[in-house]
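Quick note: the coordinates plus some simple rules give every number you see, no bench work behind them. A quick note: this is a predicted structure, and the numbers were derived from the prediction, not measured. Don't worry about glycine lacking a Cβ; one is built from the backbone with ideal geometry, like all the others, and counts go over all protein chains shown.
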Amino acid sequence: MPKRSPDHPVGARQRRASRLPASPAPDAPTPLLGGLSPAQFMKRYWQKKPLLIRQAIPDIEPPLSRDELFALADDDDVESRLIKHFRRRWSLGHGPFSPDELPSPAQRQWTLLVQGVDLHNDRARALMERFRFAPDARLDDLMISYATDGGGVGPHFDSYDVFLLQVHGKRRWRIGAQRDLSLVDGLPLKILANFQPEEEWVLEPGDMLYLPPHIAHDGIAEGECMTCSIGFRTPSTNELTSQFLYWLAERGMGTPPATPELYRDPDQPAVEHPAQLPPMLVERVGHVISKIRWGEADVSSFVGSWLSEPKSNVVFDTPERPLDEVRFAARAAKSGLTLDRRTILLYDSRSYYLNGEQYVLKEARKWLPALADSRSMDGKRFVTLSPDSSMTALLHEWYCAGWIRVGVLA
């Protein structure tokens, strides 16, 4: 797909997409959550139980047309899967898919899944941002599922929270809070062997279903349909542990001694069994490892850096003819700034984390949290802050790297 330079003018269709309301305030009731406020939803439903929401977004339109979605699935930088179910046999293919590799929309029982659409389309990103009542550190991506009549991926469960928003056509959902999560052997998909649905609904455009992790569900298209899945990152304890230990080792952290010591064993006796692991070695290595210490600041640094790391297929587009700093400042004062849809910017009380790297907050404290929370800065605010030359220089650096665009979606 053609890539846009960060200072490319905002098109009319993108302006329409940006008019979707922003994520609701914590205590503001919203149709998005069935009349609940985000605070009420998080307390009553988040990671606890499913919620069906009729007309969460009335008059919803798909962020991409069918043809645009098919074109996206042909992109090498996009993760896509094609699932077919014919004569009780399942098949799974991985993209990219050229136009002649996709079945005809007239053919029944096939599904195209396109992952991370928010990374490639501003309208998808604008839709996903409505769900920022949960922390950005947990918000993962927006996937689009296109299916023909009878299409689906079989009864399954997810290990993460998900909002299933119907944006075109109808889909019948069956769900159940079953404990038996065993899978059918020998299939390319993780399909539950003993699915026992307890509730069933047909969702039409604008309807949405929230499911916490491990709720079994099965969605079948009734005619041609399209569903947006807004998923949330839920790392396992094994993933967290291994990544944190790797992060510590990579940085040589853990309060090592000022002068690293070599392993010593002056009391090691001669051995009769040379291949046997010496108990003394195991004991002393355990003693060394037990001295490794980390604190809250280390954990915060790891979490911020790790969770702000872009996905491996993300490539930022730099401006073809970048503005110099003076012209950049003049344009930003007039048009404002917007974080690129692929940029991940998080912060805590000490640092900010930009696309996998940690920086000390310091002088940026007066403007960066607001930019991170709103993902934009209007021209008036930029003018107010522009006497701070360090801010202008830093934002110009981000602009040249493709992390921020000139212009605010209006």
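Computed values, structure above
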item: Axial C-alpha extent at least 20 Å, average Kyte-Doolittle at least -0.5 - helices from the chain (DSSP); result: none
item: Sequence-distant residues sharing a close amide H with S376 (under 5 Å, placed H); result: L339
item: Amide H contacts of I215 (H built 1.01 Å from N, under 5 Å, at least 5 apart or other chain); result: D158
item: Table column - 3J(HN,Hα) (Hz), the stretch 354-369, Karplus curve with 6.51, -1.76, 1.60, x for Gly and Pro; result: 10, 6, x, 10, 9, 9, 6, 5, 6, 5, 6, 4, 7, 9, 5, x
item: Phi to ³J(HN,Hα) by Karplus 6.51 cos²θ - 1.76 cosθ + 1.60 over the stretch 37-54, Hz, x for Gly, Pro; result: 7, x, 4, 5, 4, 5, 6, 8, 10, 4, 6, 10, 7, x, 9, 8, 10, 7
item: Dipole magnitude of the stretch 174-226, debye to nearest 20 (Cβ charges: Lys/Arg +1, Asp/Glu -1, about Cα centre); result: 300 debye
item: Karplus (6.51, -1.76, 1.60) ³J(HN,Hα), θ = phi - 60°, over the stretch 106-116, in Hz, Gly and Pro reported as x; result: 7, 7, 7, 6, 9, 9, 10, 10, 10, 8, x
item: For the chain: relative contact order, % (alpha-carbon pairs under 8 angstrom, 6 or more apart); result: 17 percent
item: Computed magnitude of the charge dipole of the stretch 325-406 (debye, nearest 20; Cβ of K, R +1, Cβ of D, E -1); result: 260 debye
item: Cβ-based exposure ranking for M226, M42, in which fewest neighbours within 10 Å come first; result: M42, M226
item: For the stretch 45-169: rounded, prolate or oblate by the Cα gyration tensor [a/c cutoff 1.5]; result: prolate
item: Protection proxy ranking of 303-312, 232-241 - average other beta-carbon atoms within 10 Å, highest first; result: 303-312, 232-241
item: Dipole magnitude of the chain about its Cα centre (Cβ charges: Lys, Arg +1; Asp, Glu -1), debye to nearest 20; result: 1140 debye
item: Cα-based shape type of the chain, given that a ≥ b ≥ c are square roots of the gyration tensor eigenvalues and the cut on a/c is 1.5; result: oblate
item: Calculated [θ] (222 nm, deg cm²/dmol) that DSSP helices of n ≥ 4 give over the chain, each run adding -39,500 (n - 2.57); result: -7500 deg cm²/dmol
item: Listed residues L368, T384, C400: farthest to the positive end of the dipole of the stretch 325-406 (Cβ charges); result: T384
item: Distant-in-sequence amide H partners of L139 (H built 1.01 Å from N, under 5 Å); result: R233
item: Gyration tensor (alpha-carbon) shape descriptor, the stretch 12-232, a/c threshold 1.5; result: oblate
